[in-house]
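A short write-up of the structure that comes next.
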Amino acid sequence: MTTLVKLNEQIVKCKRCPRLASYIQQVAKQKVKRFNNQKYWGRPLPGFGDFNAKLLLIGLAPAAHGGNRTGRMFTGDSSGDWVARVLYEKGFATKPISIHLGDGFSLINAYITAAVKCAPPQNKPLKDELANCSSFLKEELTILKNVKVIVCLGRIAFDSCCKLLRIKGAKFVHGRTFMRGKVVIMSTYHPSRQNTQTGRLSWKQWSIVFSKAKKIIDDTT
């Protein structure tokens, strides 16, 4: 627990990527109209959740007006709505919606992080930015020793996870499940509006992934 707290403190202070550091501060100052009266987080965003988690979710990066605003991953945006709801339905969260810090939402036996800790312009981190942030994800994977299932949200999260775990030749496919040692790796389309509103990712598809993750965890408990 102490080690993870220290790591998260390092993440918040990180300035390895000048482009991202500049962008998240710019977004925090030039707010969108609907959030004009809110104070933005505007810093690198650490993961959050149960330090003894058996379920780990890896996303792409904080949303510019979601996590970068609220100060918590998958909080205050449409992707976060899908994450919160499915985790609550499967028993991994205390509430079905995650709006802001202090709203009573917390994770149960689950932890959420991202391949990149700063919101990137157009949700597209550069290769060197992914490389700069990979050490943080690597430490998280090392510290979270009880993880039984890793769910990767999208191709970039999947590729980042596979690279750190030295899994070669794995291709991103929605719903794919395979073992790496004693950990099960699962992949799903990211619950972005681009995917959910176009029908590329349906609620049924999304829910099935987490039903499988829950069953794996329950069967190994």
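The values are calculated or read from the model by the stated rules, or taken from the named source; none is laboratory data. Note that this is a predicted model, so its numbers are computed, not measured. For accessibility, only protein heavy atoms count, side chains too; no ligands or nucleic acids. Shrake-Rupley method; radii C 1.70, N 1.55, O 1.52, S 1.80 Å.
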Comparing 98, 211, 106 in a Gaussian network model of the chain (Cα, 10 Å), the one with the largest mean-square fluctuation is 211
Expected field for residue 200, accessible surface area in Å² at 1.4 Å probe radius, rounded to 10, holds 130 Å²
The chain, Gaussian network, Cα under 10 Å: of 57, 141, 164, the residue fluctuating most is 164
Whole-percent carbon and sulfur contribution to the accessible surface of the chain (1.4 Å, no ligands, DNA or RNA) stands at 52 percent
Computed over segment 78-162, the convex hull of the Cα set has an average projected area, in nm², of 6.2 nm²
Violations at 27 Å Cα threshold for listed pairs 127/182; 6/33; 13/212; 13/163 -> 127/182; 6/33; 13/212
Highest GNM mean-square fluctuation among 94, 198, 75, for the chain with Cα springs under 10 Å, belongs to 198
